[in-house]
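Below is one structure. I have some questions about it.
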Amino acid sequence: MQEKTLSNDNQVSFKGRLGYFFAMQATGFQVAIPTFLIFYGTQSLALSIVAVSLMMTVVKVLDGVTDVLAGFIVDKTRSKAGKARPWFLWMALPYSLCFALEFCVPTSWNPAAKLIMLAVTYALTISVFGTMLGVAGGALLPRMTSSPKERGTLAVVCNGAGVVIVGFLMAIIFPMVNAFGYQKVFVTFALMSFIFCVLCYLLVTEQDIENYVIGKQVETPKIGELIKALFKNKYAMLVLVYILLNQCGGSILQGCGTYYATYVLKDTGAYTKFMLAGTIGTLIGIFIGIPIVKRFGSRTLFAVGAAMAVLGFGAILLTDSKSTIVVIVAFFFILMGGQLFTLTQINAFAAAAVDYGEWKNGIRSEGVTVCLRCFGSKVGGALGTALMGFSLAAGGFVTGGKAQTPQAINTIKLTLTGLSPLVYLILLVVFLLTYRLEKQLPEIQKELRARREATR
């Protein structure tokens, strides 16, 4: 079977954009899981913060194995619906069910039993069913369009909308939990994930792009060959570094923000204000980000975003945590830059890395290439959660909702305003020194089109 000519090199249809939007929302709830699972585990189930943090770290590190397997499975998938799209239908029910069960642990159980149930449901949600959805979602973008600017725009709009929605939900979770309890709130989120998965399947259309080795169509390589080619793809490896650092900083920010509001500002409701401000900033950022991507490209938007995050934390640090208003305004810019501008463009970088891998190694592998983004996201999130947990524990943080010592409160301040911005600063420096693919991509894609044309 010969490859069909790329039918949509420039712009994705409205139906396709809507489908990709739902794809990003289906997996977007995973961002909220680490933040609130650790709070749920320590505050509602009275589990040790070290035990919960360690459990989450182990699960997400082991998740790296399933990420690679999921990428290989997606690359091997051959169906009339495509390579990535059918997984949204197949994973909809098991993912949503396990997601809901994470927050339905009986409080009457002993600590060991509670931790085991938390670990099993978390592992299934994140490492098995969520992994398949995350890799499939990442593989969709390079199969929907080959235009770098269209990819960047889609990432800003669809991924950005996901950040807005999840940010809004995270902002109102505490009031919702206080009114309805963790079980009802997260079962509702799980049901929403199920609906989004099904809608993605119904609306998205993939292009027919097969694997090639310089003019010769071949079967999907074995997993060992794919992994070997992956390690030769320097931009795929850089995507791993970028997403790991981004998610590490964001996880510290979101997780520590709950404790910062509760114990430093002594106002649990302040966290809702932080996240609402960030959500509004993210929403506005979508309209700012689109023209920046179209005019200057993804690299510029990413660098601007990382710098905004660092400056936002600097504003909080300079006020010495005395002004809630300053913190709220800072969250507006931190989430706009550190989450929207950076996180969304990493998806565009991963799609570009797929093209680079085909050009460099003669193997086009959407699944295995984008699995690094998924792996880095989870490991980065787990690393950030673990660093936060160990930092607070070292500072004398007491679990169970009890009053904290001055030393513990100072540790909360230092973790939020010192550790998280340091990660974003490292991200900015590393990115500016390493990413050069954007200028090379048009010529690379031109050569790839010539290779494919030669096989017709």
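The values are calculated or read from the model by the stated rules, or taken from the named source; none is laboratory data. Small disclaimer: the values here were computed from a predicted structure and weren't measured. Glycine gets a Cβ as well: all are built from the backbone with ideal geometry, and neighbour counts include every protein chain shown.
Please work out if residue 132 is at pLDDT 90 or above, within 23 Å of residue 236 (Cα to Cα) and out of contact with any Asp or Glu (no Cβ under 8 Å at 6 or more places or on another chain).
Yes, satisfied.
This table checks each residue for (1) out of contact with any helix residue (DSSP H, G or I) (no Cβ under 7 Å at 6 or more places or on another chain); (2) modelled with pLDDT under 85.
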site: 271; (1), (2): no, yes
site: 287; (1), (2): yes, no
site: 304; (1), (2): no, no
site: 313; (1), (2): no, no
site: 325; (1), (2): yes, no
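Name every residue in segment 97-146 that is polar (S, T, N, Q) and either in a helix (DSSP H, G or I) or without any contact (Cβ under 8 Å) to a residue 12 or more places away in the chain (or both), in order of residue number.
108, 110, 121, 125, 127, 131
Here's a follow-up. Any chance segment 137-144 includes a residue that's closer than 18 Å to residue 186 by Cβ and either of a type in the set (A, V, I, L, M, F, W, C) or modelled with pLDDT of 95 or more (or both)?
Among the residues of segment 137-144, not one is closer than 18 Å to residue 186 by Cβ and either of a type in the set (A, V, I, L, M, F, W, C) or modelled with pLDDT of 95 or more (or both), which makes the answer no.
Exactly one of (1) part of a helix (DSSP H, G or I); (2) within 24 Å of residue 364 (Cα to Cα); (3) at pLDDT below 85 is unmet by residue 220. Its number?
That leaves (1) as the condition not met.
Return the residue satisfying two criteria in turn: it lies in segment 120-136 and is more than 10 Å from residue 91 (Cβ to Cβ) and of a type in the set (A, V, I, L, M, F, W, C), and of such residues it is surrounded by the most Cβ atoms within 10 Å (Cβ to Cβ).
Per the criteria, the residue is 135.
Of the conditions (1) surrounded by fewer than 22 Cβ atoms within 10 Å (Cβ to Cβ); (2) small (Gly, Ala, Ser); (3) under 27 Å from residue 38 (Cα atoms); (4) touching a helix residue (DSSP H, G or I) at 6+ places or on another chain (Cβ under 7 Å), residue 338 satisfies every one except a single condition; which number is it?
Status for residue 338: all satisfied but (1).
Further, regarding this structure: Determine, yes or no, whether residue 249 is assigned to a helix (DSSP H, G or I), of a type outside the set (Val, Ile, Thr) and more than 30 Å from residue 364 (Cα to Cα).
yes
For segment 412-421, state whether one or more residues are buried (at least 22 other Cβ atoms within 10 Å of the Cβ) and within 30 Å of residue 351 (Cβ to Cβ).
Looking for residues that are buried (at least 22 other Cβ atoms within 10 Å of the Cβ) and within 30 Å of residue 351 (Cβ to Cβ), one finds at least one in segment 412-421, hence yes.
Every residue, every condition in (1) more than 30 Å from residue 436 (Cα to Cα); (2) of a type in the set (S, T, N, Q); (3) buried (at least 18 other Cβ atoms within 10 Å of the Cβ), yes or no:
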site	(1), (2), (3)
249	no, no, yes
258	yes, yes, yes
265	yes, no, yes
295	no, no, no
312	no, no, yes
317	yes, no, no
333	no, no, yes
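Could you pull out the residue among 93, 97, 54 that is within 15 Å of residue 127 (Cα to Cα) and surrounded by fewer than 23 Cβ atoms within 10 Å (Cβ to Cβ)?
Of 93, 97, 54, the one residue that is within 15 Å of residue 127 (Cα to Cα) and surrounded by fewer than 23 Cβ atoms within 10 Å (Cβ to Cβ) is 97.
Another question, then. Which one is modelled with the lowest pLDDT, of the residues in segment 145-168 that are of a type in the set (A, V, I, L, M, F, W, C) and surrounded by fewer than 21 Cβ atoms within 10 Å (Cβ to Cβ)?
Here the answer is 168.
So which helices (runs of 4 or more DSSP H) stay within segment 346-456 end to end and still have 3 or more residues that are touching a strand residue (DSSP E or B) at 6+ places or on another chain (Cβ under 9 Å), at pLDDT below 90 and farther than 24 Å from residue 241 by Cβ?
Filter on segment 346-456 gives 437-454.
Quick grid of which residues meet (1) in contact (Cβ under 8 Å) with a residue 60 or more places away in the chain; (2) within 22 Å of residue 339 (Cα to Cα); (3) within 20 Å of the chain's Cα centre (by Cα):
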{"residue": "36", "(1), (2), (3)": "yes, yes, yes"}
{"residue": "39", "(1), (2), (3)": "yes, yes, yes"}
{"residue": "47", "(1), (2), (3)": "yes, no, no"}
{"residue": "56", "(1), (2), (3)": "yes, yes, yes"}
{"residue": "59", "(1), (2), (3)": "yes, no, yes"}
{"residue": "63", "(1), (2), (3)": "yes, no, yes"}
{"residue": "67", "(1), (2), (3)": "yes, no, yes"}
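Give me a count of the residues in segment 245-264 that are among the small types (Gly, Ala, Ser), farther than 16 Å from residue 30 by Cβ and in contact (Cβ under 8 Å) with a residue 40 or more places away in the chain.
2
Also, I was wondering about something else. Limited to segment 59-90, what total is found for residues that are surrounded by fewer than 20 Cβ atoms within 10 Å (Cβ to Cβ) and assigned to a loop (DSSP other than H, G, I, E, B)?
Adding up the residues that qualify gives 5.
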